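Worksheet: the structure to be examined is printed underneath.
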Amino acid sequence: MREILFDTETTGFHANGGDRITEIGCVEVVNYLPTGKTWQSYVNPQRDIPAEVVKITGHETAFYHDKPKFEDVVDGFLSFVGEDRLVAHNAKFDRSFINAELARAKKTTLPEKQFFDTLVLARNMFPGASNSLDALCRRMQISLESREFHGALLDAQLLAKVYLELNGGRERVLDLSFAGQAEETRKINWTQRKPREQPLPSKLDTKTQAAHEKFLVELGKDAVWHKFLKN
């Protein structure tokens, strides 16, 4: 199962109110495991970057002057994504910006059903707790040392680690990886333990054993217990 975990950086919160995308970062995962394939591009928003956004991303307006416009990178983005599921943390926000930019570029917008929201998943798993990406990383002991500023590709890579944990972690996923293999390749060799030379003594005292035997008699000869008892 191929999915694209992605994130966007923007100039603000209003996709249809003048704010624009400044970066898109994508990470390919198959069966919840990153393949190593990524796609990333900074985007010239064609407007100034607010000071509060600079504090988050570390990039001022001048940084984007020589970056491509969205219409120049959109085909690469769509080619990387294909028709596979797009996974984002607070996907409604990212979807609104992606579709607003697609509309401006006169491209077909992406359907809501193609998106999956890990924030909703996390809230269902950890009700009442903080479920920001940072909070989830700390809860799952995923390092945030490289995250001095927010970046779309870096956040998508962190989300890939969180997404794996939200779906049972690496151990569960490795179990799933056997699902498509032939039966003979899934057999595990193991050495059968030899029986004890001397069986362990029973921990039942005489009084408890007598009470148990009386109970069996009271159940009657048709009780299912008798099918498993040795004479």
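Is it the case that some residue within region 151-164 is in a loop (DSSP other than H, G, I, E, B), under 30 Å from Thr11 (Cβ atoms), modelled with pLDDT of 75 or more and over 13 Å from the mean Cα position of the chain (by Cα)?
Within region 151-164, one or more residues are in a loop (DSSP other than H, G, I, E, B), under 30 Å from Thr11 (Cβ atoms), modelled with pLDDT of 75 or more and over 13 Å from the mean Cα position of the chain (by Cα).
Can you name the number of the only condition in (1) surrounded by fewer than 10 Cβ atoms within 10 Å (Cβ to Cβ); (2) modelled with pLDDT under 80; (3) over 15 Å from the mean Cα position of the chain (by Cα) that Lys207 fails?
So Lys207 meets the others, but not (2).
Residues Lys107, Lys113: which one is of a type in the set (Lys, Arg) and touching a residue at least 24 places away in the same chain (Cβ under 8 Å)?
Lys107
Quick check: is even one residue across region 49-56 in contact with a Ser or Thr (Cβ under 6 Å, 6 or more places away or on another chain), at pLDDT 95 or above and within 23 Å of Val162 (Cβ to Cβ)?
Taking every residue of region 49-56 in turn, none turns out to be in contact with a Ser or Thr (Cβ under 6 Å, 6 or more places away or on another chain), at pLDDT 95 or above and within 23 Å of Val162 (Cβ to Cβ).
For Ala15, state whether it is touching a residue at least 24 places away in the same chain (Cβ under 8 Å) and under 25 Å from Arg123 (Cβ atoms).
It is true that Ala15 is touching a residue at least 24 places away in the same chain (Cβ under 8 Å) and under 25 Å from Arg123 (Cβ atoms).
What residue, of Glu101, Glu112, Glu171, Glu145, is surrounded by fewer than 16 Cβ atoms within 10 Å (Cβ to Cβ) and modelled with pLDDT of 95 or more?
Glu112
Go through (1) in contact (Cβ under 8 Å) with a residue 60 or more places away in the chain; (2) more than 15 Å from Thr8 (Cα to Cα) one by one and return the number of the condition Leu86 breaks.
In the conditions (1) in contact (Cβ under 8 Å) with a residue 60 or more places away in the chain; (2) more than 15 Å from Thr8 (Cα to Cα), Leu86 misses (2) alone.
The values are calculated or read from the model by the stated rules, or taken from the named source; none is laboratory data. Quick caveat: nothing in here was measured; it's all calculated off a predicted structure. Backbone-built Cβ (ideal geometry, glycine too); neighbour counts: all protein chains shown.
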